[in-house]
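*Asks:* Input: one structure, supplied below.
Nothing in this text is a laboratory measurement; each read-out follows from the coordinates by a stated rule. Remember, predicted model here, so these are calculated numbers, not experimental data. Glycine gets a Cβ as well: all are built from the backbone with ideal geometry, and neighbour counts include every protein chain shown.
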Amino acid sequence: MQVRTLFSAERLQITALDEADASLIACWYANPEFVRRFEATPARPKGRAEIAARILEARNSQEDYLFGFRLRGDDVLVGWGALDGINWRNRVAWLALALGPDHWRRGLGREALHLLLTYAFRELGLHRVQLTVFADNEPAIRLYERAGLSREGVYREYLLRDGQRVDMLLMGMLAREWQDAS
């Protein structure tokens, strides 16, 4: 996939998030399927004020980069991504990606992930990105593996949902692997 510029691809662009976006993101967090795919804590809605506070916190941080993904042309927010807890000495970050439920299964996740990885490795000069994903979130696992992330470990039976234990996978990518895949 070709990145047109550092901040845009074919259908999406990376933008800043602001407090006005918090209401829409709160709607996503009111969807139990969204929350359960993304959060290890018990599912609960997040309010606009809580999300707005997180946006402001990231804006003032040197270790957390939080972005919105918007459709090119009409500026509709379809998701958000983050490079969190950046350890600048070792050039390592945690990656997070979430699309609003109305935008699932349209190929936008692939484009959003590509933009986020390009930013991480090309602009920030990171050496490694890593993430965790629940083993029952097969669409996300396929997305990450197609992008070149490797399964590096398993937190066995990490999550208890509906009386069932679910593993949490650790996945990662090194800058040279991203370069080879690009």
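*Asks:* Count neighbours as other Cβ atoms within 10 Å of each site's Cβ, and list the GluC sites (Glu not before Pro) in the range 1-102 that are DSSP loop with at most 13 such neighbours.
*Replies:* Values: sites: Glu10, Glu19, Glu33, Glu39, Glu50, Glu57, Glu63; in loops: Glu10, Glu39, Glu63.
Within the range 1-102, the qualifying GluC sites (Glu not before Pro) (loop, at most 13 other Cβ atoms within 10 Å) are Glu10, Glu63.
*Asks:* What shape does the range 72-129 take by its C-alpha gyration tensor, where a ≥ b ≥ c are the square roots of the eigenvalues and a/c under 1.5 counts as rounded, a/b above b/c as prolate, and the rest as oblate? Spell out each step's value before the answer.
*Replies:* Values: a/c = 2.70, a/b = 2.22, b/c = 1.21.
Prolate, since a/c reaches 1.5 and a/b exceeds b/c.
*Asks:* For the range 12-181, build the charge dipole from Cβ charges (+1 Lys, Arg; -1 Asp, Glu) around the Cα centre, then report which of Ser61, Val92, Ala20 sits farthest towards its positive end.
*Replies:* Working it through, the farthest residue towards the positive pole turns out to be Val92.
*Asks:* When a/c reaches 1.5 or more, the comparison of a/b and b/c decides; with that in mind, is the range 11-135 rounded, prolate or oblate per its Cα gyration tensor? The partial results should precede the final answer.
*Replies:* On the way: a/c = 1.40, a/b = 1.27, b/c = 1.10.
Taking the square roots of the gyration eigenvalues as a ≥ b ≥ c, the range 11-135 is rounded.
*Asks:* May I pose another question? How would you classify the range 31-100 from its alpha-carbon gyration tensor, with a ≥ b ≥ c the square roots of the eigenvalues: rounded for a/c under 1.5, else prolate if a/b is greater than b/c, otherwise oblate?
*Replies:* Numbers: a/c = 1.65, a/b = 1.24, b/c = 1.33.
Oblate shape, in that a/c is at least 1.5 and b/c is the bigger or equal ratio.
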